[in-house]
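> Got a structure for you, questions after.
The values are calculated or read from the model by the stated rules, or taken from the named source; none is laboratory data. The structure displayed is predicted, hence computed values, not measured ones. Here the Cβ positions follow ideal geometry from the backbone for every residue, glycine too, while neighbour counts run over all protein chains shown.
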Amino acid sequence: MNRRDLFKLVGKIGVIAAAKAVSWPVLDRLGVSGEEWIAEAASMPQNYVTRTPTLITDFSSTTGMNLTQGTGSVALDSTPAYVRTGTQSLKIVQQASASSAICDLDTRNAAFGGSGSEGFSAAQDNLWHLRCFVDVPANQNNLSFFVSNDTTAFTNYFTQNVMGPQISSSYPGYWWDRVENRKDWTVAGGSPSWSSPVRYIRIRPNANANGALTTWCDALYRGGYARPKVVISFDDGSDGQITIAKPILDTYGFKGTFYVIGDTISRNVAGVMTQAQADALYAAGHDISYHAWTNNDHNNYASMSEAQYRASSQNFQSWAGARGYERSRWHHAMPTGYTSSTVQSVLSSEGYLTGRSTIRLFQNHVIGLDNPRFLRGWSWSSTDGTAGPISWINNAITYGTSLLLIFHSFHATVSSGQQCSAADFTTIMQHLYRCQQANLVDVPVQSEWFNGITFPRHKR
C-alpha cells in the first residue's frame, strides 16, 4: 500500500490528528502536504482558539476611514516590516507631547462589517484585539481607543488605554498583540451601551515629552477566545525548587518548567539542584530548559557579545543533549527578561523554539504568535503576595490567553523579594488547581504548550 492510499485509509479524522501532531515539513517529506484534507485541517481553529475572532480591519484600505493629521501625520504604509496582516498598516506619527493625529473608523461602512446606519453589533464581543508596533516605547504615554454608539460624533462612547507603561523601553522593535476586555473600559461620555450598534471607532496614540512617536496598527479584531493556559516555570535551578516547590506541585499533580543554569548543575554546586535531581525531574515529565550556561553568563546577559551568547547556548545544548533533555532543551528564559536583536538572532539561528521575557503581559494566542522567541511572562515577587498570581490566573481565564508564571527561589516561611514561602506557593497552586478542576484552564509545561500552537508549526 502506498502512502497516499494509507492516509486515505485512516480517513480524515486520522489525517487531521496527524497534522496536529506532526510538523508540516515532515508531512512535506511524506508527500502528503498540499492535499485538500490537509488544507481542511489547516482551516480548523488554531492556537487553542475556541471562538474565532472577527477581523474589523487590516488597514489595507482607507475606505470608511477619516484620517486627521493634526500636528502629525496619518497614512497607510505598505513597508513589509510593518505589515503582518493584509497589504498595509496604519501609520500614525505624533509629535512630542501631542495626540492630534488620529484615525476614525466609520463602522457603518460595509468594509468594517457594518450595515448602513446600524454599524455592527458587538454585544457578544467581550474581547478586542489590536496588533501594533511602536518605534520608541519611551516616547509613548499610551494608545487611546474609543468605541462610540454615535453616527457623527463621540457623544456616547467608551474608552480604554490599550497600550502604555507595560511596553517597556527595554524592548524596542517588537510587535505587541494587545487583548482588551470590554469590562475594563470606562464610560468617556454620555450613556454608551454594548447592546447598541458600534458606529465609530477612534485610534489615537499619545506621545509624551521625550520626543516624536510613530505607531503602526496592523490589524483590529473583535470577539474570539482561546483555551486559557498557565505554564508554571522556575528560573535559576535553586535547590528550594526541589525541596519546597516540587512537593507542592506533586500534591496537585502539576508539572513545571525549570529553566536552569547548566554548569552549576553539572558540577553539583551548593544551593542548586543536583544532576540526579534534574534527571529525575525530567523523567517525571517536568521540562529542563535553558536559562544560562554559567552564573557569569546569567549575571552579565545584557552585555554579552554575539559570540558569547552563542557559546553559552552551545555549551548548554551539549550538556542537555548528553543528558537526554530532548523534549525541552530548545526553550529559553532570558535572564532578567532581557532581549535584543543580537539575542533574537542567536536564538533563531541556534534553533530555539521559544524565548521568554519577564515583561508583565499575557501571551495572546487568539490571533497567533508574532514571535515565539519573545514571549511575555509574569515574574512573581513578594509584593505580589498571593492576590497577584490569583488575579493573573483569573484574567488569563477571562481574556482567553496564556499566563507564563515565573518563580525563582523558595524558603519555608516568610516570602521576601523573589523568595516565595511554602504557604504562599501552596495558596497559589490551590487556586490554580481549583480552576483546572473546574475545566477553566490547562496547566502544561512549556514544551507541551508550544507544541499545541499549530500555526506556525515549529515542533522539532
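> Quick one: would you say Thr107 is surrounded by 21 or more Cβ atoms within 10 Å (Cβ to Cβ) and touching a Gly at 6+ places or on another chain (Cβ under 6 Å)?
On the way: surrounded by 21 or more Cβ atoms within 10 Å (Cβ to Cβ): yes; touching a Gly at 6+ places or on another chain (Cβ under 6 Å): yes.
In short, yes.
Rundown of residues vs (1) part of a helix (DSSP H, G or I); (2) of a type outside the set (D, E, K, R); (3) without any contact (Cβ under 8 Å) to a residue 12 or more places away in the chain, yes/no style:
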residue	(1), (2), (3)
Thr264	yes, yes, no
Ala278	yes, yes, no
Tyr282	yes, yes, no
Tyr290	no, yes, no
His298	yes, yes, no
Arg310	yes, no, no
Arg327	no, no, no
Leu347	yes, yes, no
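> Working carefully through the options Thr63, Thr87, find the one that is surrounded by fewer than 16 Cβ atoms within 10 Å (Cβ to Cβ) and within 26 Å of the chain's Cα centre (by Cα). Lay out the reasoning, then the answer.
Details: Thr63 fails: within 26 Å of the chain's Cα centre (by Cα).
Sole residue among the options that is surrounded by fewer than 16 Cβ atoms within 10 Å (Cβ to Cβ) and within 26 Å of the chain's Cα centre (by Cα): Thr87.
> Across the stretch 245-262, which residue is nearest to His408 (Cα to Cα) among those that are touching a residue at least 60 places away in the same chain (Cβ under 8 Å) and in a helix (DSSP H, G or I)?
The selected residue is Ala245.
> Another question, if that's okay. Is it true that Thr358 is over 22 Å from Tyr282 (Cα atoms) and outside any helix (DSSP H, G or I)?
Working: over 22 Å from Tyr282 (Cα atoms): yes; outside any helix (DSSP H, G or I): yes.
The answer is yes for Thr358.
> If I ask for residues that are part of a loop (DSSP other than H, G, I, E, B), touching a strand residue (DSSP E or B) at 6+ places or on another chain (Cβ under 8 Å) and among the β-branched types (Val, Ile, Thr), which ones from the stretch 51-70 would you list?
Step one: filter the stretch 51-70 for residues part of a loop (DSSP other than H, G, I, E, B), giving 52-53, 58-64, 69-70.
Going one step further and asking which of them are touching a strand residue (DSSP E or B) at 6+ places or on another chain (Cβ under 8 Å), we end up with 53, 58-62, 64, 70.
Residue satisfying the conditions is Thr62 alone.
> Has the stretch 357-368 got at least one residue that is touching a Pro at 6+ places or on another chain (Cβ under 9 Å) and either among the acidic types (Asp, Glu) or modelled with pLDDT of 95 or more (or both)?
no
> When you look at Ser195, is it polar (S, T, N, Q), within 24 Å of Thr52 (Cβ to Cβ) and surrounded by fewer than 18 Cβ atoms within 10 Å (Cβ to Cβ), yes or no? Outline the logic, then answer.
Details: polar (S, T, N, Q): yes; within 24 Å of Thr52 (Cβ to Cβ): yes; surrounded by fewer than 18 Cβ atoms within 10 Å (Cβ to Cβ): yes.
Considered against the rule, which asks whether it is polar (S, T, N, Q), within 24 Å of Thr52 (Cβ to Cβ) and surrounded by fewer than 18 Cβ atoms within 10 Å (Cβ to Cβ), Ser195 comes out as yes.
> Also, quick follow-up: Checking Ile203 against (1) surrounded by fewer than 19 Cβ atoms within 10 Å (Cβ to Cβ); (2) part of a strand (DSSP E or B); (3) of a type in the set (Val, Ile, Thr), which test does it fail?
Looking at each condition in turn, Ile203 falls short on (1).
> Oh, and also: Tally time: how many residues in the stretch 206-244 are of a type in the set (Gly, Ala, Ser), surrounded by 19 or more Cβ atoms within 10 Å (Cβ to Cβ) and assigned to a loop (DSSP other than H, G, I, E, B)? Step through it out loud before you land on a result.
Within the stretch 206-244, the subset of a type in the set (Gly, Ala, Ser) is 207, 209, 211-212, 219, 223-224, 226, 233, 237-238, 240.
Now restrict to residues that are surrounded by 19 or more Cβ atoms within 10 Å (Cβ to Cβ): 207, 219, 224, 226, 233, 237-238, 240.
If we keep only those that are assigned to a loop (DSSP other than H, G, I, E, B) too, we end up with 224, 237.
Residues that pass the stated criteria total 2.
> Still on this structure: Taking the stretch 388-418 as the search range and keeping residues that are among the polar types (S, T, N, Q), at pLDDT below 95 and assigned to a strand (DSSP E or B), which one is farthest from Trp378 (Cα to Cα)?
Filtering first and then ranking leaves Ser416.
> Looking at Ala98, Ala122, can you tell me which residue is buried (at least 20 other Cβ atoms within 10 Å of the Cβ) and in a loop (DSSP other than H, G, I, E, B)? So that I can check it myself, show each step before the final result.
Details: Ala98 fails: buried (at least 20 other Cβ atoms within 10 Å of the Cβ).
Checking each option against the conditions leaves just Ala122.
> May I ask you to list the residues in the stretch 336-345 that are surrounded by fewer than 18 Cβ atoms within 10 Å (Cβ to Cβ) and part of a helix (DSSP H, G or I)?
Within the stretch 336-345, Thr336, Ser341, Thr342, Ser345 qualify.
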